[in-house]
Amino acid sequence: MKRIMVIGCGGSGKSTLATQLGQRLSLPVHHLDRLFWQPGWTELPKDEWRKTQERLCAQPEWILDGNYGGTMDLRFAAADTIIFLDVSTVTCLAGAFQRFFRFRGRTRPDMTEACPERLEWPYLKWIWTYRRDHRPKILRKLNELRADKKVIILTSRREVNRLIRGK
């Protein structure tokens, strides 16, 4: 495991897992939210965003955490391991609220400076509909990739903790 892609619904714990795995495996961690969002919650232009990920994917070792469906193909192609946090909607909503209350009014460690934590309806709606609208496509893609990549699907915090501990 030298090129690890961590994906899953918002609030599922992608950034936490990526950080902890990076420490355990001594791999550089790149939080896609930190790279995509510019100060004041301004989006990076699409062409620059794609080039940024192409540069990251060309590196020999990394952990990339985040979804960003429009560029997921780049990471799928470059990764040797894909970890999908397939936890429940309730778990994801709880994670999003916990993060909001923990960092409310401040920038969290995996985010760009001057992007204070926020919790808005479109994000909550995305979490609420993720299992119905996004999960089936992700599972189909992961099934296609199983022949060439290591695919790990974690369905609970307990499974995530076991992976981090290396058990």
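Restricting to region 42-84, give me the number of residues that are exposed (fewer than 15 other Cβ atoms within 10 Å of the Cβ) and of a type in the set (S, T, N, Q).
Residues meeting the conditions: 2.
Can you pull out the residues in region 130-164 that are exposed (fewer than 13 other Cβ atoms within 10 Å of the Cβ) and among the charged types (D, E, K, R)?
R132, D133, K137, R140, E144, R146, D148, R158, R162, listed by residue number.
Taking region 1-41 as the search range and keeping residues that are among the aliphatic types (A, V, I, L, M), surrounded by fewer than 19 Cβ atoms within 10 Å (Cβ to Cβ) and in a helix (DSSP H, G or I), which one is farthest from the chain's Cα centre (by Cα)?
Among those that are among the aliphatic types (A, V, I, L, M), surrounded by fewer than 19 Cβ atoms within 10 Å (Cβ to Cβ) and in a helix (DSSP H, G or I), it is L25.
Please verify whether region 120-139 includes one or more residues that are of a type outside the set (D, E), farther than 19 Å from V160 by Cα and not in a helix (DSSP H, G or I).
yes
Scan R50, R106 and give me the residue that is part of a helix (DSSP H, G or I) and either out of contact with any helix residue (DSSP H, G or I) (no Cβ under 6 Å at 6 or more places or on another chain) or not hydroxyl-bearing (S, T, Y) (or both).
Selected residue: R50, the only one of R50, R106 that is part of a helix (DSSP H, G or I) and either out of contact with any helix residue (DSSP H, G or I) (no Cβ under 6 Å at 6 or more places or on another chain) or not hydroxyl-bearing (S, T, Y) (or both).
Within region 36-84, work out how many residues are of a type in the set (S, T, Y) and in contact with a strand residue (DSSP E or B) (Cβ under 6 Å, 6 or more places away or on another chain). First the steps, then the outcome.
Narrowing region 36-84 to residues of a type in the set (S, T, Y): 42, 52, 68, 71, 81.
Narrowing the set further to residues that are in contact with a strand residue (DSSP E or B) (Cβ under 6 Å, 6 or more places away or on another chain) leaves 81.
Counting residues in region 36-84 that are of a type in the set (S, T, Y) and in contact with a strand residue (DSSP E or B) (Cβ under 6 Å, 6 or more places away or on another chain) gives 1.
Condition (residue is over 23 Å from R34 (Cα atoms) and open to solvent by 70 Å² or more (accessible area, probe 1.4 Å)) applied to region 85-95: is it met by at least one residue?
Checked against the condition, which is being over 23 Å from R34 (Cα atoms) and open to solvent by 70 Å² or more (accessible area, probe 1.4 Å), region 85-95 yields at least one hit.
The values are calculated or read from the model by the stated rules, or taken from the named source; none is laboratory data. This one's a predicted model, so the numbers in the text were calculated from it and none came from an experiment. A quick note on method: Cβ atoms are made from the backbone with ideal geometry, for glycine too, and the neighbour counts reach across all protein chains shown. All accessible areas refer to the heavy atoms of the entire protein, side chains included, with ligands and DNA or RNA removed. Shrake-Rupley method; radii C 1.70, N 1.55, O 1.52, S 1.80 Å.
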